[in-house]
Amino acid sequence: MTVVQFQGKGGAKPQAVSKGGLIAALDIGSTKISCLIAEAMPAKHRSADADEKFSLKVLGVGHQLSRGVRSGAIINVDEAERAIRLAVDAAERMAQRSINDIYVNVSGGRPQSRLYTGTAAVASGQVEPADVDRVRDAALAQVDPGRRNILHLSPLQYQLDDARGIKDPAGMFGESLSLELGVVTVEPPHLKNLALAVERAHLSIAGFVIAPYAAARAVLAEDEKALGVTVVDMGGATTSFAIFHDGRLVTADVLPLGGQHITNDIARGLSTTIAHAERMKTLWGSALASAVDEREMISVPLLGERGVDTVQQVPKSMLTGIIRPRLEETFELLRARLEASGALHLAGRRLVITGGASQLNGVREVAAQWLDRQVRMGAPAHVQGMPESAHSPGFAVCAGLLNHALKPDVHWALPKSKAEAVERAQSGYVRRMGRWIAESF
């Protein structure tokens, strides 16, 4: 997959990892902020992919309660900066190393996915490298992000005359060559606010990666990506998904629903504190009803009550009755987004669920019922040095960022005239927004 990022004139591009090089990942979520620091080590067992010369060794882990973040977006830079500093500092202390550059996830910014196609005639009847370059430039020239930033740009497939699904057309015979690109864009202010919070913590951003793609790098098998699969990352305040086909990212999107919404529903429905609602969800929460739920009682401290009425006893079935409808709503909206994406036919029959909110009992069964897929839970693969507590779906995005940093995607540059037009459009948009804000307040 290729990535085109616009982070300003000083935006960093992924560099090749060398032996002993440090890699850092930062997962900025709505409920927790996680940081992993790893070192690139020579691979002991060379895999089928000859490019994988290095493996990861985790040196430090840090995580902190998220503050200043809502639905994946920064809402308070000072609080977000403080939480980022604490998470990174904990990881640095454990690793006994300092970091400068870090990879950051994107779980907000209203991402959009579109497909673009470029076509070029084959000059000599046999595809040569010059023909591949021309069709690539033709496809890139079609890309029109408007006022948005290009986050991911993935070449999906080549088409030579009527033959589709070609990975490398060089040397083949034909008359017309086409290239299909999948492009994921996000709103520029979202990236700028993320960059502001991270840079105020005295860190440079090595790259942005959308959350479901990062999670996929940690939890998917290569055959799953080749055959077609949907990855769903269930976070605290957002649920994001990505569709893969033939090893490529086809589309990605984010829903503004997550585990925190279930917690809030429990707190409202049972008139208790948010902290105790979270505890109840973790200890006794389930989306599956059982025969004993009516008889099993749970103690619930009432919000604001004093004296003898501070605690009430409620059947466990009430808790299940609150959790199940919210989960069903989440997967119903997810199904609608998948159908609207236009790429559902490429997703195959497999669904992999990961993220902290996916650990709730019954999520897998509800997802299988509403999405009509074969569902499995996804957790990061074993990485040397990673604590057992980090081998959980809640660290999938952070672990995927490390995998992305170890083997970053190739960068394609937009044609010069196209890049200048995009920069002018985005600069004009920022100026207009600044003027509107100044006039409104």
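The values are calculated or read from the model by the stated rules, or taken from the named source; none is laboratory data. Predicted, not measured: the structure shown is a model, and the values here were computed from it. Glycine also receives a Cβ, built like all others from the backbone with ideal geometry; neighbour counts cover every protein chain displayed. Ligands, DNA and RNA are stripped out before the accessible areas are found, and what is left, the full protein with its side chains, is counted by its heavy atoms. Shrake-Rupley method; radii C 1.70, N 1.55, O 1.52, S 1.80 Å.
Annotations for the structure displayed:
- Residues being among the charged types (D, E, K, R) and assigned to a strand (DSSP E or B) - total across segment 297-352: 1
- Filter pass, residue 251 being in contact (Cβ under 8 Å) with a residue 40 or more places away in the chain and not in a helix (DSSP H, G or I): yes
- Among the residues of segment 213-248, those that are surrounded by fewer than 24 Cβ atoms within 10 Å (Cβ to Cβ) and part of a strand (DSSP E or B) comprise 245, 248.
- Any hit, segment 236-258, residues being basic (Lys, Arg), at pLDDT below 95 and under 22 Å from residue 56 (Cα atoms): no
- When residue 385 is tested against the conditions (1) under 24 Å from residue 319 (Cβ atoms); (2) touching a residue at least 24 places away in the same chain (Cβ under 8 Å); (3) surrounded by fewer than 24 Cβ atoms within 10 Å (Cβ to Cβ), the lone failure is (1).
- Failed condition for residue 123, given (1) part of a loop (DSSP other than H, G, I, E, B); (2) surrounded by 21 or more Cβ atoms within 10 Å (Cβ to Cβ); (3) out of contact with any strand residue (DSSP E or B) (no Cβ under 6 Å at 6 or more places or on another chain): (2)
- Single residue of segment 260-318 satisfying the filter (more than 25 Å from residue 370 (Cα to Cα) and basic (Lys, Arg)) that is surrounded by the most Cβ atoms within 10 Å (Cβ to Cβ): 279
- Count of segment 371-382 residues which are over 16 Å from residue 25 (Cα atoms) and surrounded by 18 or more Cβ atoms within 10 Å (Cβ to Cβ): 5
- Checklist (1) open to solvent by less than 40 Å² (accessible area, probe 1.4 Å); (2) at pLDDT below 95; (3) not in a strand (DSSP E or B) applied to residue 83, failing item: (2)
- Test: residue 227 is farther than 27 Å from residue 120 by Cα and either of a type in the set (Asp, Glu) or in contact with a helix residue (DSSP H, G or I) (Cβ under 9 Å, 6 or more places away or on another chain) (or both): no
- Residue 141 meets the conditions (1) of a type in the set (A, V, I, L, M); (2) modelled with pLDDT under 90; (3) within 22 Å of residue 408 (Cα to Cα); (4) not in a strand (DSSP E or B) in every case but one. The failed one is (3).
- Flag if residue 366 is modelled with pLDDT of 95 or more and not in a helix (DSSP H, G or I): no
- Residue match in segment 324-346 (condition: surrounded by fewer than 18 Cβ atoms within 10 Å (Cβ to Cβ) and aromatic (Phe, Trp, Tyr)): no
- The number of residues in segment 129-149 that are more than 13 Å from residue 117 (Cα to Cα) and surrounded by fewer than 19 Cβ atoms within 10 Å (Cβ to Cβ) comes to 6.
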